[in-house]
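Working notes, beginning with the structure itself.
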Amino acid sequence: MDGELGDDGMLFDFGEVKPWIKRTLDSGLDHTLLVPTEAPGVTVTDCPEGVCVRTTTPYSMEVRGPKEAFSLLPWRTITPDTIATYLSQQLTTQRPDNVHQVTLTLSDEAINGAAYGYTHGLKRHIGNCQRIAHGHRSRLYIWQRDTRQPLLEQQWSDWLDNRYLLEQADIAAQDSDTLTCRYQAAQGDFSITLPLARCAVLPGPTTVENIAAWLAQEVATQSGAATRIQAFEGINKGAIATFSPSVTP
């Protein structure tokens, strides 16, 4: 931040800066589907749910939901630099009078080892996690016989990467090629239709706790060995679950 010191000798009290930035981010792009409206193959229309977004690349997809669940950005592509510039402008617009400019930089979490990105929505969540197409980046740790299994971690991370995780009860339609997930949440009606090959269906809500439990059962069943999974949702947040193929969880 650049500006002039206030009467208190500070530019902006550190105790106020953090919650101010968090409020701005939480009420903006965070937990929304970022849509580059000028990108080839992207169309945005109104619909009974609020907004309908359709894409043709990298695959055909349709997402419907309330307007608050989308960030419609008039760009051809989305990059960390364009997002950082956009957020810096938002923060600068809302700055205190003595602050002239706010500049934000973004960086990826440093991850050594396997990781994957996934998208989901939690219809029972009281906050913005109920929105049907928001994403997370997760490290993945797999233990068998008290030893990390990097090959299994990479194998499952590769399979999970860029998949949509959904609850089985929310499947509204499915054929050999596509799947439609639909649910009603506190913020409104949501649906997403995308290739079946891009989906992973869980028996319950796709919370990080259930993701860890589901992965533990899948890995243990396929490998025949007792398995402990640590899955993450964001930086240093997550859940641990275990499963033995010979013991009912």
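The values are calculated or read from the model by the stated rules, or taken from the named source; none is laboratory data. Every value quoted in this text rests on a predicted model; they were computed, and no experiment measured them. All Cβ positions, glycine included, derive from the backbone under ideal geometry; neighbour counts span all protein chains shown. Only protein heavy atoms, including side chains, enter the accessible area calculation; ligands, DNA and RNA are left aside. Shrake-Rupley method; radii C 1.70, N 1.55, O 1.52, S 1.80 Å.
Below is a table of values for the structure above.
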| read-out | value |
| --- | --- |
| Relative contact order for the chain, counting Cα pairs under 8 Å that sit 6 or more residues apart, in percent | 16 |
| Tensor-based shape of the stretch 1-107 (alpha-carbon gyration tensor, a/c under 1.5 rounded, otherwise prolate or oblate) | prolate |
| Sum of side-chain charges, G15 neighbourhood, beta-carbon under 13 Å (Lys, Arg +1; Asp, Glu -1) | -1 |
| Heavy-atom accessible area per residue - the chain, 1.4 Å, Å² | 55 |
| Unit charges on C-beta of K, R, D, E only; dipole of the stretch 126-222, Debye | 260 |
| Dipole of the chain [Lys/Arg +1, Asp/Glu -1 at C-beta], most positive-end residue of V53, L91, A115 | A115 |
| Gaussian network model of the chain, springs between alpha carbon atoms under 10 Å - residue of L25, L11, L87 with greatest fluctuation | L11 |
| Carbon and sulfur %, accessible surface of the chain computed with the full protein complex present, 1.4 Å | 50 |
| Helix-derived mean residue ellipticity, 222 nm - over the chain, DSSP H n ≥ 4, -39500 (n - 2.57), to 500 | -7000 deg cm²/dmol |
| Dipole magnitude of the chain about its Cα centre (Cβ charges: Lys, Arg +1; Asp, Glu -1), debye to nearest 20 | 720 |
| Listed values (1) 1.26; (2) 0.97; (3) 1.16, entry calculated as Cα Rg over 2.2 N^0.38 Å | (3) |
| Partners for K123 among aspartates and glutamates (Cα-Cα distance below 20 Å; same-chain residues under 8 apart left out) | D26, D30, E49, E62, E68, E167, D170, D189, E209, E233 |
